[in-house]
Amino acid sequence: MELRTQIAEAVAFLNAKNITEAHVGIVLGTGLGRLADEIENQTVIDYADIPHFPLSTVESHKGKLIFGEIGGKKVLAMQGRFHYYEGYSMKQVTFPIRVMRALGVDTLLLSGAAGGMNLSFKKGDLMMITDHINLLPDNPLIGPNDNELGPRFPDMSETYAKSIQSKIETIAAEKSIPMQKGVYVSVIGPMLESPAEYRFLHRIGADAVGMSTVPEVIVAKHGGMQCAAVIVITDECDPDNLQPLNIAEIMEMAGKAEIKLIELYKTLIAQL
Ligand code: HPA
């Protein structure tokens with residue numbers, strides 16, 4: 001079935017649940033799902049019920065689409081996202097972004113966890129993504145292009161909207177929320193990196209490394225949305241002094257930083 005038809009079927013299902021038009025899309029990553037609690041007048045839909053939505057396999061991710069309002073703005077939030085390492089195709093990973101776009105979303109805010117390779121970053125810091133490097137071995141735009149969904153060769157000159165970046169910086173300063181800035185590189189995972197890999201990724205220009213975000217941003221840009229992303233630095237990736245790490249620690253760090261991110265995004269959404 002054509003992607004466009006799948007999107008239309010998912011949209012028709014959501015329309016029937018009174019989810020009609022949203023302005024801001026939000027992708028809630030690892031350990032950051034509680035921003036969803038701030039959404040007023042919620043309609044909650046399990047991914048499992050939405051036609052053509054993939055199912056979430058990672059326990060730390062809930063699979064729910066939440067529609068409602070923050071700061072008077074209609075939002076559509078993904079509580080739980082899909083990762084390529086789970087075995088989904090890139091088209092599946094990014095399908096919810098296509099559905100958001102079809103429901104009117106023109107601004108996409110993303111979050112997630114990442115390792116900090118810039119050694120001035122500390123565990124628990126927030127980092128605003130200013131740009132990215134895609135090292136995933138696949139791309140959601142491969143295959144015949146549907147011009148109705150976006151152009152064959154999308155422009156990536158301003159991948160993360162400068163106007164939203166300056167709003168984020170202003171809000172962070174006003175609220176005394178420390179905010180790092182940097183380049184995010186996406187890798188396939190699911191293992192964390194070896195010291196040599198962290199050294200390589202840092203040398204090619206990345207400040208933080210993670211296993212998500214970039215496919216969703218590519219599809220959002222393809223569809224003409226503006227994007228912004230703030231991630232939590234969950235581990236310090238110094239190749240010369242690398243400590244063993246487990247997912248529980250990553251979750252704990254993400255949870256600690258969550259309060260700051262919620263405050264930031266709530267204020268931001270009201271201004272969008
Ligand atoms: N590498 C890749 N992905 C990650 C990391 C990391 O060190 N930390 C959190 N997500």
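Looking at (1) touching a helix residue (DSSP H, G or I) at 6+ places or on another chain (Cβ under 9 Å); (2) within 14 Å of the ligand (Cβ to nearest atom), can you tell me which one A206 breaks?
A206 satisfies all of (1) touching a helix residue (DSSP H, G or I) at 6+ places or on another chain (Cβ under 9 Å); (2) within 14 Å of the ligand (Cβ to nearest atom) except (1).
Given the options A220, A248, name the one that is in contact with a strand residue (DSSP E or B) (Cβ under 6 Å, 6 or more places away or on another chain) and of a type in the set (A, V, I, L, M, F, W, C).
Working: A248 fails: in contact with a strand residue (DSSP E or B) (Cβ under 6 Å, 6 or more places away or on another chain).
Residue meeting the stated conditions: A220.
Of the numbered conditions (1) over 27 Å from K266 (Cβ atoms); (2) of a type in the set (F, W, Y); (3) crowded, with 19+ Cβ neighbours inside 10 Å, Y88 satisfies every one except a single condition; which is it?
Here Y88 meets the rest and fails (3).
Which count do you get for residues in region 143-167 that are surrounded by 10 or more Cβ atoms within 10 Å (Cβ to Cβ) and more than 16 Å from the chain's Cα centre (by Cα)?
Here is the first cut: in region 143-167, the residues surrounded by 10 or more Cβ atoms within 10 Å (Cβ to Cβ) are 143, 145-146, 149-152, 154, 156, 158-167.
Adding the requirement that they be more than 16 Å from the chain's Cα centre (by Cα) leaves 143, 145-146, 149-152, 154, 156, 158, 162-163, 166-167.
Looking only at that region, the number is 14.
Please work out if I188 is assigned to a loop (DSSP other than H, G, I, E, B), near the ligand (Cβ under 10 Å from one of its atoms) and out of contact with any Cys (no Cβ under 8 Å at 6 or more places or on another chain).
Numbers: assigned to a loop (DSSP other than H, G, I, E, B): yes; near the ligand (Cβ under 10 Å from one of its atoms): yes; out of contact with any Cys (no Cβ under 8 Å at 6 or more places or on another chain): yes.
Yes: the conditions hold for I188.
I need the full set of residues from region 1-44 which are of a type in the set (V, I, T) and surrounded by fewer than 19 Cβ atoms within 10 Å (Cβ to Cβ), in order please.
So in region 1-44, the residues of a type in the set (V, I, T) come out as 5, 7, 11, 19-20, 24, 26-27, 30, 39, 43-44.
Once the filter is applied, which keeps residues that are of a type in the set (V, I, T) and surrounded by fewer than 19 Cβ atoms within 10 Å (Cβ to Cβ), region 1-44 yields T5, T20, T43, V44.
Which condition number does T30 fail, the rest of (1) part of a helix (DSSP H, G or I); (2) among the polar types (S, T, N, Q); (3) out of contact with any Asp or Glu (no Cβ under 7 Å at 6 or more places or on another chain) being met?
Just one mismatch for T30, condition (1).
Return the only residue of G115, G68 being assigned to a strand (DSSP E or B) and farther than 22 Å from Y184 by Cβ.
G68
So which of D131, D138 is out of contact with any Cys (no Cβ under 7 Å at 6 or more places or on another chain), part of a loop (DSSP other than H, G, I, E, B) and more than 16 Å from the ligand (Cβ to nearest atom)? Give the derivation first.
Details: D131 fails: part of a loop (DSSP other than H, G, I, E, B).
Matching residue, one of D131, D138: D138.
So E9 passes all but one of these: (1) farther than 20 Å from G224 by Cβ; (2) touching a strand residue (DSSP E or B) at 6+ places or on another chain (Cβ under 6 Å); (3) in contact (Cβ under 8 Å) with a residue 40 or more places away in the chain. Which condition number does it fail?
For E9, the exception is condition (2).
In region 211-262, what residues are outside any helix (DSSP H, G or I), closer than 17 Å to V185 by Cβ and either charged (D, E, K, R) or away from the ligand (no atom under 14 Å from the Cβ) (or both)?
C227, V230, D235, E236, D238
No value in this document is a laboratory result; all are computed from the given coordinates. Since we're looking at a predicted model, the values are computed, not measured. No Cβ is skipped: glycine too gets one built from the backbone with ideal geometry, and neighbour counts run over all protein chains shown.
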